[in-house]
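The values are calculated or read from the model by the stated rules, or taken from the named source; none is laboratory data. The structure displayed is predicted, hence computed values, not measured ones. A quick note on method: Cβ atoms are made from the backbone with ideal geometry, for glycine too, and the neighbour counts reach across all protein chains shown. Protein only, heavy atoms only, side chains kept; ligands, DNA and RNA dropped before computing areas. Shrake-Rupley method; radii C 1.70, N 1.55, O 1.52, S 1.80 Å.
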Amino acid sequence: DIDRENLLAKINFARPDIIFVAFGHGKQEKWIAENLNKLPSVKIAMGIGGAFDFISGKAKRAPTIFQRAGLEWFWRLIKEPQRYKRIYNATIKFGLLCLSDKINK
């Protein structure tokens, strides 16, 4: 494992404008919040979760019918039921909060 100071030094040496952080939900957001001020060249830091797993082929996407119907989250719930809290928060709870905000304006 690369220690934090060594990692920050390598990033600063490269002077990127954008970094993608893929430590997983929660960890990546915490890492960005704790370290972005130590990366002066970085203008955008984005937590991308498991996106690299899909891009690399390590994880498979849902069948096309689920993708087209906007139900890829439902496929992941079926395949990984232990993720139900995250999926609930990202779909149902967030959707209801958006709807409530829209209604209350």
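Where [x] 67, 37, 22; [y] 39, 29, 27; [z] 44, 41, 23 are the candidate values, the label of the one calculated here for Cα extents along the principal axes in Å is [z]. Taking θ as phi - 60° and the Karplus parameters 6.51, -1.76 and 1.60, the scalar couplings of region 39-51 work out to 10, x, 7, 6, 9, 9, 10, 10, x, 10, x, x, 4 Hz in sequence order, x denoting glycine and proline.
Grab the other residues whose beta carbon is less than 14 angstrom from that of Pro16, score K and R as +1, D and E as -1, and report the net.
Working: positive: Lys10, Arg15, Lys38, Lys43; negative: Asp17.
Taking every other residue near Pro16 into account, the sum is +3.
Gain on full extension, evaluated as 0.36 nm per residue between Asn89 and Lys43 minus their Cα-Cα distance, stands at 13.7 nm. Among Leu97, Leu8, the sequence by solvent-accessible area, most first, with a 1.4 Å probe is Leu97, Leu8. Rolling a 1.4 angstrom probe over the protein heavy atoms with all chains in place gives the chain an accessible area of 80 Å² per residue. Spacing of the modelled spin labels on Leu7 and Ala69, each 7 Å from Cα toward Cβ, amounts to 3.8 nm. When the helices of the chain are scored as -39500 (n - 2.57) per DSSP H run of n ≥ 4 and the total is divided over every residue, the value at 222 nm lands at -13500 deg cm²/dmol. Rolling a 1.4 Å probe over the protein heavy atoms of the chain, with every protein chain left in place, gives an accessible area that is 60 percent carbon and sulfur. Net length available on complete extension from Ile78 to Ile55 is 6.2 nm, with 0.36 nm assigned per residue and the Cα-Cα distance removed.
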